[in-house]
Amino acid sequence: MNKYAILLMLLSTLLFYCCKPETSTKKTNHETTNGLVENKEIKLKPPEDLLIEKLNDTEKSNLDFLKEALGDKEKFNQLLSLDEVKIKAALEHIRTQNEKCNGQHAEDQKKTFKELIKAYFTTIDDNKLDSIQTTVLSPCAVAGG
């Protein structure tokens, strides 16, 4: 009887020690996995924020102008997914067109320019960004200020 009791005690001790590190390893792996997932969530930024980080103050204000002109968050997000160089060129075009609006009716002409931009971007693609400089001109540029 003593033999069986000693064997039972050894077997249960062996099982106890063999299983315990396995559960602690799983916990550690689970914690590590959660830590990685949390870090990924923190690192993800909206496309607008990623672009804004790369823009100067003038480009940021022109991006705001473009966002207001589009008036559609979905279209704006589509635009942000296009080539950054082309977006910057479009922002530069917006800047030069707005600079020409400095007369008595400047605000009205800027509103009209926004409406022209909105009408122009019925679809959002690289071709539209490429041709905005020749297709969409502010009334200030046409009227001479």
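Tell me which residues, restricted to region 126-145, are of a type in the set (S, T, N, Q), touching a Lys or Arg at 6+ places or on another chain (Cβ under 7 Å) and outside any loop (DSSP other than H, G, I, E, B). Break it down into steps so the answer makes sense when it comes.
Applying the first criterion (of a type in the set (S, T, N, Q)) to region 126-145 yields 127, 131, 133-135, 138.
In the following step, the residues that additionally are touching a Lys or Arg at 6+ places or on another chain (Cβ under 7 Å) were identified as 138.
Scanning region 126-145 gives no hits.
Of the residues 130, 125, which is under 26 Å from the mean Cα position of the chain (by Cα), surrounded by 14 or more Cβ atoms within 10 Å (Cβ to Cβ), in contact (Cβ under 8 Å) with a residue 40 or more places away in the chain and farther than 19 Å from residue 49 by Cβ?
Working: 125 fails: surrounded by 14 or more Cβ atoms within 10 Å (Cβ to Cβ).
After ruling out the rest, the residue left standing is 130.
How many residues are loosely packed, with under 14 Cβ neighbours inside 10 Å and closer than 17 Å to residue 68 by Cα if we restrict to region 86-110?
Qualifying residue count for the region: 2.
Could you tell me which of the residues 72, 64, 83 is within 17 Å of the chain's Cα centre (by Cα), surrounded by 10 or more Cβ atoms within 10 Å (Cβ to Cβ) and either farther than 21 Å from residue 124 by Cα or modelled with pLDDT of 95 or more (or both)? Show your work before the answer.
Working: 72 fails: either farther than 21 Å from residue 124 by Cα or modelled with pLDDT of 95 or more (or both); 83 fails: either farther than 21 Å from residue 124 by Cα or modelled with pLDDT of 95 or more (or both).
Going through 72, 64, 83 in turn, just one is within 17 Å of the chain's Cα centre (by Cα), surrounded by 10 or more Cβ atoms within 10 Å (Cβ to Cβ) and either farther than 21 Å from residue 124 by Cα or modelled with pLDDT of 95 or more (or both): 64.
Confirm whether residue 47 is modelled with pLDDT under 90 and within 25 Å of residue 130 (Cβ to Cβ). Walk me through it before giving the result.
Numbers: modelled with pLDDT under 90: yes; within 25 Å of residue 130 (Cβ to Cβ): yes.
In short, yes.
State whether the residues of region 88-109 include one that is of a type in the set (D, E, K, R), more than 17 Å from residue 140 (Cβ to Cβ) and free of Cβ contacts under 8 Å to residues at least 60 places away in the same chain. Give the steps one after another, and end with the answer.
Quick first cut of region 88-109, residues of a type in the set (D, E, K, R) only: 88, 92, 95, 99-100, 107-108.
Subsequent filtering for residues that are more than 17 Å from residue 140 (Cβ to Cβ) retains 88.
Subsequent filtering for residues that are free of Cβ contacts under 8 Å to residues at least 60 places away in the same chain retains 88.
Looking for residues that are of a type in the set (D, E, K, R), more than 17 Å from residue 140 (Cβ to Cβ) and free of Cβ contacts under 8 Å to residues at least 60 places away in the same chain, one finds at least one in region 88-109, hence yes.
The values are calculated or read from the model by the stated rules, or taken from the named source; none is laboratory data. Computed from a prediction, not measured in an experiment: that's the story for all the values here. Note: ideal-geometry Cβ built from the backbone for every residue, glycine included; neighbour counts use all protein chains shown.
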